[in-house]
1. Any idea how many residues of the range 28-43 are assigned to a loop (DSSP other than H, G, I, E, B), closer than 14 Å to residue 128 by Cβ and out of contact with any strand residue (DSSP E or B) (no Cβ under 9 Å at 6 or more places or on another chain)?
2. Please name all residue pairs, on different chains or six or more residues apart, with Cβ atoms under 9 Å, provided the first residue is in the range 3-27 and is more than 17 Å from residue 227 (Cβ to Cβ) and in a loop (DSSP other than H, G, I, E, B) and the second residue is at pLDDT 90 or above and open to solvent by 60 Å² or more (accessible area, probe 1.4 Å).
3. So which of 125, 137 is surrounded by fewer than 23 Cβ atoms within 10 Å (Cβ to Cβ) and not hydroxyl-bearing (Ser, Thr, Tyr)?
4. Exactly one condition in (1) touching a Phe, Trp or Tyr at 6+ places or on another chain (Cβ under 6 Å); (2) open to solvent by less than 20 Å² (accessible area, probe 1.4 Å) is not met by residue 371; state its number.
5. What are the residues in the range 141-180 that are among the β-branched types (Val, Ile, Thr) and either in a strand (DSSP E or B) or touching a residue at least 60 places away in the same chain (Cβ under 8 Å) (or both), if any?
6. Residue 238 fails exactly one of the following numbered conditions: (1) on the phi > 0 side of the Ramachandran plot; (2) touching a His at 6+ places or on another chain (Cβ under 8 Å); (3) surrounded by 15 or more Cβ atoms within 10 Å (Cβ to Cβ). What is the number of that condition?
7. Step by step: first the residues of the range 192-206, then only those that are open to solvent by 10 Å² or more (accessible area, probe 1.4 Å) and at pLDDT 95 or above, then the one that is nearest to residue 14 (Cα to Cα). Which residue is that?
8. Could you tell me how many of the residues in the range 265-276 are open to solvent by 30 Å² or more (accessible area, probe 1.4 Å), part of a helix (DSSP H, G or I) and touching a helix residue (DSSP H, G or I) at 6+ places or on another chain (Cβ under 6 Å)?
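The values are calculated or read from the model by the stated rules, or taken from the named source; none is laboratory data. Everything quoted here is computed from the prediction, not taken from an experiment. So basically every Cβ, Gly included, is an ideal-geometry build from the backbone, and we count neighbours across all protein chains shown. Only protein heavy atoms, including side chains, enter the accessible area calculation; ligands, DNA and RNA are left aside. Shrake-Rupley method; radii C 1.70, N 1.55, O 1.52, S 1.80 Å.
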Amino acid sequence: MDAVNATRSWRDPSRYIRHIHVEENCVDLAVTREILERAQLPWSVVTENRPSVEFADGYPFSLGQGKQHLYLCRNRGRFFKPCPGTKEYRCCGYEVLGTGMNCPMDCVYCILQAYLNTPWITHHVNTDELLAELDQVLDADPGRLHRIGTGEFTDSLALDRLTGLSRTLVPYFAGKPNAVLELKTKSAVVDNLAALDHRGRTVIAWSLNSPLVMRREELRSASLEERIDAARRCAGWGYRLAFHFDPIIDHPGWEEGYAETIRMLFARVPAQSIAWISLGALRFLPKLKEIGIGRFPGSRIYFQEFIDGLDGKCRYYRKRRVGLYRYIHDRLRRYADPRTCIYFCMESREIWREVMGFDPDEVGGIAAMLDRTVFPDHDRLQR
């Protein structure tokens with residue numbers, strides 16, 4: 001798998017797409033026409049709720065081919081939902097804006113492989129309805145705070161060269177004092193962000209890992225250098241930044257690998273620009289192991305000792321997680337600005353106490369910890 005990423009740059013993974021399929025009732029939408037004009041790719045109209053393309057292999061082995069196909073359609077359900085956290089582990093109160101499903105990158109550990117049943121990439125083009133739904137939610141209670149992300153079921157920026165969605169969302173959130181948008185990516189697609197009036201209401205975030213994991217397990221993703229360079233550019237445009245060390249993966253040389261990533265991050269990105277950094281160890285649904293081994297026989301990440309977590313996901317043993325977390329957390333604290341919130345994504349209060357020395361509920365909860373970094377009027381507003 002090293003050779004795949006070494007042969008070319010994947011700073012913009014949308015270039016992997018070869019064909020666009022457009023739902024019949026979306027052909028005349030302005031958003032659709034703009035995407036087709038930007039992409040300059042072959043496209044076809046489909047009358048049913050799926051692209052008219054057949055793959056030699058069934059799902060999930062069709063994912064490699066399916067990610068070359070972009071399906072433009074309407075979202076007929078809700079756009080805005082709470083993050084699907086679990087009561088057994090501490091959640092940050094994140095909220096999800098569903099702009100599409102799947103992405104052109106192909107991470108060995110991607111949970112979507114076990115959630116989806118279709119291999120192509122979906123992007124919703126009824127943007128006017130998305131904004132109307134957001135208006136309804138955000139304006140109903142102006143005193144309630146919202147941290148909202150588009151990266152739960154797709155990468156927030158991987159398709160932005162084609163969709164231009166950031167040029168709609170960033171100015172929209174600039175006018176919403178009770179909401180902050182987080183755009184999380186493994187790409188380096190940031191050109192559309194340069195001239196936008198964001199007013200500090202958008203945080204640009206990157207998933208980071210050790211260089212070895214990024215090369216071997218995150219196919220068609222931007223390199224560490226490309227991601228950090230993109231982050232540096234966004235900091236120069238006045239954006240707050242965030243970084244997510246998730247999933248942290250135990251592998252030979254992990255200590256030096258994560259240390260290298262942390263050194264490079266703080267050598268090139270202003271520490272004071274970073275709003276938050278999350279930590280989360282590898283966890284996955286049991287059926288993802290079979291999918292991952294089948295699709296990526298060269299990967300070894302599933303061939304370790306795991307236990308069944310309280311949320312039904314496979315996790316490293318608690319002692320192993322604590323060892324990984326302590327090492328990475330200690331090194332982050334050497335460089336991070338004191339105002340940067342470092343937190344765990346979906347971990348127990350016992351892990352919090354063992355590694356960080358406190359239970360987040362003792363300081364108002366994870367949501368309050370994060371809100372204080374981006375909402376100047378946090379104490380006046382509420383969740």
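1. 1
2. From the range 3-27, the pairs are 18/42; 27/33; 27/45.
3. Among 125, 137, only 137 is surrounded by fewer than 23 Cβ atoms within 10 Å (Cβ to Cβ) and not hydroxyl-bearing (Ser, Thr, Tyr).
4. It is condition (1) that residue 371 fails.
5. Matches in the range 141-180: 148, 163, 180.
6. Just one mismatch for residue 238, condition (3).
7. Ranking the qualifying residues of the range 192-206, first place goes to 192.
8. Count: 2.
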